[in-house]
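Beneath this line is the structure, given in structure tokens, with notes to follow.
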Amino acid sequence: MALLYDDSNEAFKQLFVQYYSPLCEYASRYVPGEETEELVQELMLYLWENRKILVIESSLRSYLFTATKYRCLNMLKKQQFHRRVHSDLQEKTKGRFDDPDYYLMNDLEEQLRNAINQLPENYRRTFALSRMSHYTNIQIAQLLGVSLKTVEYRITQSLKILRHKLKP
């Protein structure tokens, strides 16, 4: 434990050599692969950087093995959380991106929105009430204060303009 409070690079090197391999082996019981080495390296670095403020009530060996265990468990929790989020996201978007029509529909919807937005204001409003809000022509005429024939004319003209703009 005296090495921990020594400020020399040699002290850190000795601590690292003494504990690195056993901690990696211990961590590999919880976390597979190269992640164990990274986890232990981060722990050793944390230990060295915070050696002046750390209060170690038991032995240094006991502290390091306990810290390794909890770091492994935290890593497993994070991995489990990421897998669950990834799985949920995949479930929500399943099939959407596999279907080439999905992209075509989005593109077509955007073109349609743009074409509708380019209609003259009175045509656009009449068309939106008819096709998007599902009002009857009579309801639209009453709402806008125009004749039924005017509503019919505006919808007909809107459809002609949209057909022309959306032609491939």
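Every read-out reported here was derived from the displayed coordinates using simple, explicitly stated rules and does not represent laboratory data. What you are looking at is a predicted structure, and each value in this text was computed from that prediction instead of being measured. Glycine also receives a Cβ, built like all others from the backbone with ideal geometry; neighbour counts cover every protein chain displayed.
The distance between label points at N122 and F65 comes to 8.8 nm (points 7 Å beyond Cα on the Cα→Cβ vector).
Peptide packing: for 56-65, 82-91, the average count of neighbouring Cβ atoms within 10 Å per residue gives the ranking 56-65, 82-91, highest mean first.
Counting only alpha carbon atoms, the long axis of helix 148-165 and the longest principal axis of the chain meet at about 50°.
Plainly put, the stretch 1-86 has a radius of gyration that is 1.02 times its Kirkwood radius, both from alpha-carbon atoms, as the Rg/Rh ratio. The convex hull defined by the C-alpha atoms of the stretch 100-165 has an orientation-averaged projected area of 4.5 nm².
(i) 43, 30, 28; (ii) 38, 34, 30; (iii) 96, 33, 25: which one is Cα extents along the principal axes in Å as calculated from this entry? So the calculated entry is the one marked (iii).
For the chain, the longest principal axis of the C-alpha atoms and the axis of helix 35-49 are separated by about 70°. Compared with the dominant principal axis of the Cα atoms in the chain, helix 9-27 is inclined by about 60°.
Placing +1 on the Cβ of every Lys and Arg and -1 on the Cβ of every Asp and Glu, with no other charges, gives the stretch 2-93 a dipole of roughly 420 debye about its Cα centre.
Put the Cα centre of the stretch 14-32 next to the Cα centre of the stretch 127-154 and the gap is 76 Å.
Taking 0.36 nm per residue of separation and subtracting the Cα-Cα distance, full extension of the segment from K167 to V146 would add 4.5 nm.
Placing pseudo-labels 7 Å out from each Cα toward the beta carbon at A115 and Y153 gives an inter-label distance of 2.3 nm. Extension gain for L104-S133 works out to 8.0 nm (0.36 nm per residue, less the C-alpha to C-alpha distance).
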